[in-house]
Each structure stands twice: as structure tokens, then as C-alpha cells.
1. Can you give the average number of partner chain beta-carbon atoms within 10 Å of each beta-carbon in peptide B:283-290, as a whole number?
2. Evaluate peptide A:28-41: per residue, the Cβ atoms of other protein chains within 10 Å of its Cβ; return the mean as an integer.
3. Quick one: which of A:77-83, B:106-112 comes out on top by average Cβ neighbours within 10 Å, and what's the full order, highest first?
4. Could you tell me what fraction of 2.2 N^0.38 Å the Cα radius of gyration of the range A:19-157 comes to, as a two-decimal ratio?
5. Could you put A:241, B:6 in order, starting from the residue whose Cβ has the fewest other Cβ atoms within 10 Å?
6. Can you tell me the 0 to 90 degree angle between the C-alpha axis of helix B:299-313 and the longest principal axis of chain B, rounded to 10?
7. So what's the angle, to the nearest 10 degrees on a 0 to 90 scale, between helix A:7-16 and the longest Cα principal axis of chain A?
8. Tell me, how many Å apart are the Cα centres for the range B:111-185 and for the range A:166-210?
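No lab work stands behind these numbers, since they all come straight from the coordinates. Since this is a predicted model, take the numbers as computed values, not measurements. Virtual Cβ from ideal backbone geometry, glycine too; neighbours counted across all protein chains shown.
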Ligand code: HEM
């Protein structure tokens, strides 16, 4: 009767099996495609709009809109690691044994002989053996010898370490996983915009999900609402405290009987370990919603989102420079930053794309920029009959410039044109009590084509503007990165060892009978058999030559 | 600019080399074989020179950079690396039949960019691309892709060598999967982040020609039994090529992650390009395990390598022309 394996054994075998790893690898490859064709991070409503109700439901249930963080994808990744763990536990001991193999006695062993060669010589076994040993030492690695019942055995072994290559490779995958988890638990990703000349001490968090608490019971009186909000406030503030949230936005959302949503928001900027501060923010939100005629309510939701984090130091942007190629395309974005502590500059550093600032393990990457205003501009003005009435005059922000005809121009604001993305100056002209607003782009903005802009009765040309920029910084702290780098180094070493090194063993068996000495060689290589076979041929050739001498 | 004329010359030389390899494989004339190798070597040197000239020309324009930063440059570098890997294989193992397809791929690399009008203009680098990591990233990725291309070429020969007509028919039709897929995405009611598929007609023509060429090779090689290396050798060599490509692709992904970390502070963000290179990596990892540990051999494995190369092509072309993402180049 064939002995049946127990269930535990079968599960164990399954978890060790290469079939499982091939399945998981292929499954990962195939499912990963979904996230590259389906837009990630859209809302459920958008998926329903684009793909219909049924598909929308599937997308929501399987979390395909954020599939690389979905639980089923994580399970696949975990399965890969579990598979590797079991497989390694099963195989590592025998791999270690093979690596350390020092047993020269080939008789009675089952070793696959990839190469074989045998010859018979005259002479004494002793001499032959020492000659062979010499040769093997020179050509085939570390040598071990033994003698038993008049037969001499020699083993030469080389490159045993390569047997560890795959284990190192597989282990490095764990480092990637650990590094990623450490990054998620102890790191953060954020963004900050810093206007030239100003200092920021907070960053806007990117990777913290909103915290929401809901009460979906029907609320028919003001008292019931107050009671419900009290409970929700408690819950929300304890969750925020758990998550170390320092500042952010609060949203109060009530759903009325006739299915209208009313939302009010407020920001909070206190340490959230004070729930009183929270409560007072929330009651001020409540007071902003007018209740008359909207009761009963079908539910209340309280959400905290758009979290900010206190850096513990300040970052000042001293200067932002947009470097351009001669053809006008951006060549580099450069910011001169200063780290400010207790009101004094700790140190200053210039950063550019690909060259971040590092402070307390927090990295600040140059990522974007924008214009927020201008201090002044140099303008040229003509009247309606195209006579110059001002040439190359300096126009300061907010200060009226009196022109030669008695009228004035005031630079009021800077705005961004939605269509072109270019910034323009908003100006107010004032002639004889008649005011009108107009806009003017910098002269070179559209290839010099629309240089003159109508502002009231005037034609204005902005020769140059002294823009104020803000620099957009990507902020990241990721203590997992060194672990991931360690994984990178290990996987490289592991792959090189497993593909380009080979464990080669050559055994010699030297026996004497009837005045004749028989030398038999057997060779085994863990990989690269083609080149091992070439090497073995050369080795045999060398042996033969040596004996012919 | 002069460089694209030189690339054009290299392209022609590769085509000639492919034909001469074919003549050698059929005739077994040693001199022809020698000529094929020398022509390929010549083409390789011309290709190298063209890259050098382009490099110098970028400096003359006032913003020198290593010419590995856009579709044109990476494609001609792909040709260069494919021929390089092939020449190394020929040096070590000496099977010249593989040269027919390897040099043809070298030819295709340059021909496709010329045919589909990919701009060969030298343009200054946008700020994010100004990094040494980029050079390391492109070099490792593309030499890796080239090794996979050589493995693909060998698997094609393997499948031809089986003389199984069904296999050969599938083989001749399989390049059409690419334009079929793109047409489906373009005209089907799918809404991925589609940007463009302007070169669809060219894609149909090129893939049809390639498929027909596979069938033609089958007709030529099936006339005698021993024109191609034995199946066992082809199997071993295709594995070897993957064994070269896999560590390189791994390095390519790692250097890409390092670069992203320096530029954006995020080493992995699951953008389509990253994800597709990971998909490719998974496929070849499956290939290695199937062969080495589960002991697969033969047709199934050859097809797995073909699928792997399909993933390479999609990572490289598909993502650029069908999906949008962070990498708008290479
Ligand atoms: C992405 C994941 C993986 C990568 C990158 C990887 C990489 C590798 C590499 C490069 C080799 C050497 C292949 C060769 O010698 O031709 C190998 C071998 C092997 N892998 Fe994996 N592997 C992965 C997942 C797994 C999993 C999940 C298992 C689970 C059982 C596994 C088990 C093995 C075994 C048993 C070997 C052969 C070891 C030997 O030489 O005896 N691998 N792997």
C-alpha cells in the first residue's frame, strides 16, 4: 500500500514547491498589468462612469483602483516570501553540505559524474598519487586526500560558495519587503511650497489617508445632534492622536432628509493631544451650519484630512532660479535654501533637481516652482495715438506711477492665465476719475508677438518683471531606504554568484593491481557544464602530458 | 547632423551581415562564415562610431550629454548591445546560425526608428534626466534587453528546428500580437491612459514582414537536418542569454529606483514603466525557475522566453506609445 502523506506534509510540500513559485510569479506578472491599464487612484464614481455599474463594483470590491496596495496583491507578495522561506529551510542544509563537501572517497557515493576519464599507467601508486595531487592543487582548487584498503582518493573542490548565491538572492527579497514596511511605518511623504524670502515650518502630508468617523442614525433634534457630535469628536481626536497628526483640515458633513449634503470645513493647528481644542473647532463648525428646516438629519460624518506635519525646524527659500537653455526650455530648477533653527540660520544649501537637501534624515527634493507675484516691473506706455508717454519706467507693486499725461497706472496683482499657464500683471489705470483694469504679459512671454496690452486708454508693454517665485519641494523621510539598498547590493552579489560561478569538484581514484596503476577521474559542476567540459578536457590533457614526461 | 547618416550605414551593414550569415548557414562555406563575422564586427564599429559622433555633436550644440536619453538614442543603443552580446556568444560558443537573427534585430532596431520617424534631433535634457544614475540605468537595462533579444532569436531558431508546422505557424503570426493589441486598445472601447498610436500602419507592416521572414527561414532551414545547431544546444544557449540578461535587468531596475529616489524621494511608485519592467522581471524569474529547478525543457520554455521578450517590447514601446506615465522617453 502506498503510504499516504498527512495533510500537514502535503501543505508543507505545497509551500516548498517550485510549482507554487512559478504560479505566484506568473500571477504577479499577469495581475500587475491591470494597474498599468486601469487608471489608479480615481474615485468609485469615476470608475462607474467609465466602466459601468458591474465593472465598477468589481473594481471597488477588488480595490483595483489602488491594486498595488490591495490585500490580495499583498497576499501574493507574501506568498512569494513564504514560499521562499519554506523552500530555503528545506534545501539550505543540503546545499551547505555540498558546499563544504570534503569527502574524497568517491566509492559508494552517488555523485552525478558530468565528466569521466580513466587511464592505466606503469609505476607506483604512491608516485602517481602525489603527481596527480600536485596537478589538482594547481588546477582544480582545494585538495583533500584519503586512503582506504590500498586505494588512494583525492578530491579537489572550487567555488563552493556559489551554492549560496541563490540563497543570498532570495534573502535579499526579504530586505526589500522589510525596507518597504519600515518606510511605511516610520517614514512619510510630503510637499511644501516656500515663497522666496519666507520660511516654512510645516509640510503637507501626502501619504496619510483621511480619518473619518460616521454616525448614520437618524437625528431629529438639536440635542441628539450635539450628543452624536460629542461621541464622534472623542473618536476622531483619539484616532488623530494615535496617528500623530498635528494639523490639518476638519470637515463636518451632514446628510439631510432630502439627500442634500452640507459640508463645512475648518483647519486645526494644535497638538491634537488636546481634545478640548478639537471640540472647540468642531463646535464652531456646527455653528456655521444653519439647521432651520433641514431636520431630521440622516447622518453626520466628521473627517480629518490634509494633514500637516511640524518639521521641528524651518526651511527658508532665499532664492529660486529657473535656468534656461538658449532656446528657452528649462535647463534646471535651483533653490537656495536655509535651514532655520530658533530664528537663526543653521546652514544654507543650494539644491537642484537630482540634488536634494538632507536634514535630520528628511530629504527635500526640488520638484516644482511657480510665480506668486512680482516686486516691480519695467514698463513702456503709449497713449491711444501711439505716442510714448513713458519709456522703461519702473513700476513698483502697489505704488501708482504718474504718467506724463497726468493719468496713473497701478500694479495691483499677479495672476496666472488658465489657457497658456503664463503669468500676467494686473494693472489699474486711472485718468480723470475714470478707472479700468487691464492685464499685461511680460514681453517675451509669447515669442514677442503680443507685446502691447490694452489697459484702459493706454497701451502697455512689460519689458521685464521682477517675479517672486515659490519653490515646490517634495519632502520625504524613509528610514527603510538603507535596508532596501542593502537588499540591492545582496541581490547583485547573489545573482552574480549564482549565474557566473560554479561549484566544481573533481575526484581521483588511484588503485594498483598487478603492477599497473589505474587512475580514474570524475568531475561534477553545479552549472556551466559546457565550459566545465572544456576545462575538464584541458585538465586531462595536462595530466596525460605530465605522465608522458 | 552627421550621426544619423552613420547610424543608417550601420543599419545597412547589419542587413548585409544577416544575409551573409544566412548564406553561411546554408552553404557551410568557412570563408563566407568568416566574412559574416567580419561584416558584423564592421557594422558594430560603425554603430559605435555613430554613438561617439552623436556624443561629440551634442557637445558642439552646447549642452553635451551621454546620448542615451530618448527613444532614438536608446533604440540605436539597443541595436549596438544586441550585436555586442551576439558577438560575445559567437566568440565563446561559435554557433553562427544565431547571427542571422541577431544582426537582423540589430538592423530592425535602427530601421524602426527611421521608418516610424522617431525624431533624431539632439535636444537638451530636461532637468530630471541630468543624472549619472540615468546613464547607469539605461546601459544596464538595454544591455539586459539585448541579452533577452538574443535569447529570443535563439528560441525562434529552436522552434523552427522542431520542424513542427503548427509551432512554426504560430511563430510566424506571433509578431502580429503587438499591432493587434494596439489596434484593440485604440478602436475598442477601452479607456486606459491612451496617448497615441500613430504608427499603427507601420507597426502592422513591420510585424507582418518579420513574421513572414520567420516562415521563410523555416522553409530554408527545413531543407536539411543539420543546418541549425541541435535542439539541446539551442535550449542551453537561450538559457545562457537569459542568465546574462536577468542580472542586468535586475541592476537596471535597481539603478532606476536609485535615480527615482534621488530625483523624487520615492524609489518605487508603480508607474506603468516601472511596473512593466517588474512584469518582465517576474516572467524571466519564472523562466529561470521553470528551467533550472522544475526541469522544464523544450517548446514550452522557448515560448516563455518569447513571452518574456514580448514583455520587454511592451515595457519599451508599448508603455511609451500606449500608456502614459512618468517616463516619457526611453
Ligand atoms: C522574484 C522572486 C525570485 C527571484 C528573483 C529568484 C531568483 C532566483 C535565481 C536567480 C535563481 C538561480 C536560477 C538558476 O540557477 O538558474 C533561483 C533559483 C531557485 N529559486 Fe528562486 N527566485 C525567486 C523566487 C523563488 C521562490 C518563490 C522560490 C520558492 C520555492 C524559489 C526557489 C528557488 C530554488 C529552489 C532555486 C534553485 C536553487 C538551487 O540552485 O538549487 N525562488 N531563484
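1. 5
2. On the way: counts 7, 13, 3, 1, 7, 6, 1, 4, 17, 9, 4, 5, 5, 0.
Average per residue, whole number: 6.
3. So the order, starting with the most tightly packed, is B:106-112, A:77-83.
4. Working: Rg = 29.7 Å, N = 139, 2.2 N^0.38 = 14.3 Å.
For the range A:19-157, the normalised Cα radius of gyration comes out at 2.07.
5. Fewest-to-most ranking of A:241, B:6: A:241, B:6.
6. Roughly 30 degrees, rounded to the nearest 10.
7. 80 degrees
8. 34 Å
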